[in-house]
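Once you've had a glance at the structure underneath, I'll fire off some questions.
The values are calculated or read from the model by the stated rules, or taken from the named source; none is laboratory data. Because the structure is a prediction, the values reported are computed rather than measured. A quick note on method: Cβ atoms are made from the backbone with ideal geometry, for glycine too, and the neighbour counts reach across all protein chains shown. Areas reflect the complete protein model, heavy atoms only, side chains present, ligands, DNA and RNA absent. Shrake-Rupley method; radii C 1.70, N 1.55, O 1.52, S 1.80 Å.
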Amino acid sequence: MATIKLPEQLPSPAQDSETLRKALDGFMHDGKAVIKVLCHRNATQRKLIRKTYQELYNQDLIDTLQSTISHNFGKAVVWWTYGPSERDARMLKNVLSSKEIGTKEQLQVIVEISCASSPHHLLAVRKWYCSLYHCSLEEDIIAYAPPFAIKILVALVSSFRYDGEVVDLNLANEEASMLQEAVALKRFDQDHVVWILSTRNVFQLKATFEAYYEKFGNHLSEVIKAATDGWGTDEDLLSRVIVSRAEVDLMKVREAYSDIYKTSLDQLIKDETSGDYGAFLMALLGN
């Protein structure tokens, strides 16, 4: 359910590297050329372009992008150019290095990467983190995350969930009640809550959240959001979601966004962005 579109006639990595070199040479960059190449290559192809660019020009493509393109467009292009596992590892480090680590949206990055990834991808992210920063992701969470979040975050990033579609409805009802007790106390670090959220497969969790709604009349996500209001916002949310999900399930994200907000994600981007940045995000959406 990816949204990126690849060309029928694919240029060679050397040709793509030459195009990028010309687009990034000089004071003014050619955003349209950058988008035409990078937004229409998958992760494997982008990795090969980056390798070829290094061999041809003795420069890291990432460094060239960072020194040439700034603001939201530059940041989004750099995130996209990284491979998925390396990108997520670097996003996690950015969050854990931030002075605003206690904000809701900053913590949401850790939750997104740990819960919206396959078990194998999450393991690859943790390996990249160790390789890049010479310590484990868990160590940095313990060192930098706010105390109230450490227990659940360490459990989430350490988890290797079963990714099959196995659901026990009786268990879902039972654990929905256990979660309601935690909501009432506003204690999401209790052992049984951590255990439920960090070990159950996504299909079992979905059944539990549906059972919660049927029993208590509220969506669990909305209850938790109300309990954590005031933690702040994240201006990078739009870029992060589109860049990280474009090769995974962005089509489903678009459909869910339309169902919930009765407007299209495409329209949101048109309203909230402009220039090369907007064109970049629209290209990743398949437009």
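Put a dot 7 Å past each Cα toward the Cβ at Trp195 and Asp271; how far apart are the dots in nm?
4.5
Testing the spin-label approximation: label points 7 Å from Cα along Cα→Cβ at Glu210 and Asn94. State their distance in nm.
3.5
Each label point is 7 Å from the Cα along the Cα-to-Cβ direction; what then is the distance between the points at Lys186 and Asp60, in nm?
Each label point is offset 7 Å from its Cα along the Cβ direction, giving 4.3 nm.
Rank these by accessible area, largest first, 1.4 Å probe: Lys22, Lys75, Lys51.
Listed by decreasing accessible area, they come as Lys22, Lys51, Lys75.
Cα-based Rg of the stretch 20-169 per 2.2 N^0.38 Å, rounded to two decimals?
Computed over Cα atoms of the stretch 20-169, the ratio equals 1.20.
Here is a further query. Express the carbon and sulfur contribution to the solvent-accessible surface of the stretch 1-72 as a percent, rounded to the nearest whole number, probe 1.4 angstrom.
Working: 2270 of 4470 Å².
The nonpolar share, carbon plus sulfur, comes to 51 percent.
Could you order Asp63, Asp236 by accessible surface area, starting with the largest, using a probe radius of 1.4 Å?
Solvent-accessible surface, decreasing: Asp63, Asp236.
Kindly express, to the nearest 10 degrees and within the range 0 to 90, the angle between helix 202-216's C-alpha long axis and the longest C-alpha principal axis of the chain.
50
Quick check for you: with a 1.4 Å probe and neighbouring chains kept, what is the accessible area per residue of the stretch 76-174, in Å²?
Roughly 47 Å² per residue, with all protein chains present.
Now, a different point. State the extension gain, in nm to one decimal, for the chain segment bounded by Ser158 and Lys5, taking 0.36 nm per residue of separation less the distance between their alpha-carbons. Before the final figure, lay out the partial values.
Working: separation 153, 0.36 × 153 = 55.08 nm, distance 3.37 nm.
This chain segment gains 51.7 nm when fully extended.
Now for a separate question. From the convex hull of the Cα coordinates of the stretch 8-86, what is the mean projected area in square nanometres? Walk me through the numbers before you get to the answer.
Values: hull surface 19.8 nm².
So the Cα hull casts an average projection of 4.9 nm².
Figure the gain on full extension for Ser118 and Ser70 (residue separation times 0.36 nm, minus the Cα-Cα span) and round it to one decimal in nm.
14.1 nm is the gain from fully extending Ser118 to Ser70.
Enter the mean projected area of the convex hull around the alpha-carbon atoms of the stretch 58-112, in nm², rounded to one decimal. Please report the intermediate quantities before stating the final value.
Details: hull surface 17.8 nm².
Reported value for the Cα convex hull: 4.5 nm².
Could I ask something else about it? Taking all pairs of different Cα atoms in the stretch 142-208, averaging 1/r and flipping that mean, what Kirkwood radius in angstroms comes out?
So the Kirkwood estimate lands at 12.6 Å.
Let me ask something else. Give the distance, in whole Å, between the Cα centre of the stretch 179-203 and the Cα centre of the stretch 245-274.
Computed from Cα coordinates, the inter-centre distance equals 29 Å.
Tell me, Kirkwood radius of the chain from alpha-carbon pair distances, in Å?
Numbers: mean 1/r = 0.0484 Å⁻¹.
For the chain, inverting the mean 1/r across all distinct Cα pairs yields 20.6 Å.
What accessible area, in Å² to the nearest ten, does a 1.4 Å probe give for Tyr57?
60
Against the globular-protein guess of 2.2 N^0.38 Å, express the Cα radius of gyration of the stretch 168-207 as a ratio, rounded to two decimals.
1.09
Add -39500 (n - 2.57) for each DSSP H run of 4 or more in the chain, then divide by its residues: what number comes out at 222 nm, to the nearest 500 deg cm²/dmol? Walk me through the numbers on the way to the answer.
Working: 18 runs with 202 residues, N = 287.
Computed ellipticity for the chain at 222 nm equals -21500 deg cm²/dmol.
Here's another thing I want to ask about it. Determine the share of the stretch 88-223's accessible area contributed by carbon and sulfur atoms, expressed in whole percent, with a 1.4 angstrom probe.
On the way: 4000 of 7180 Å².
Accessible surface attributable to carbon and sulfur in the stretch 88-223 totals 56 percent.
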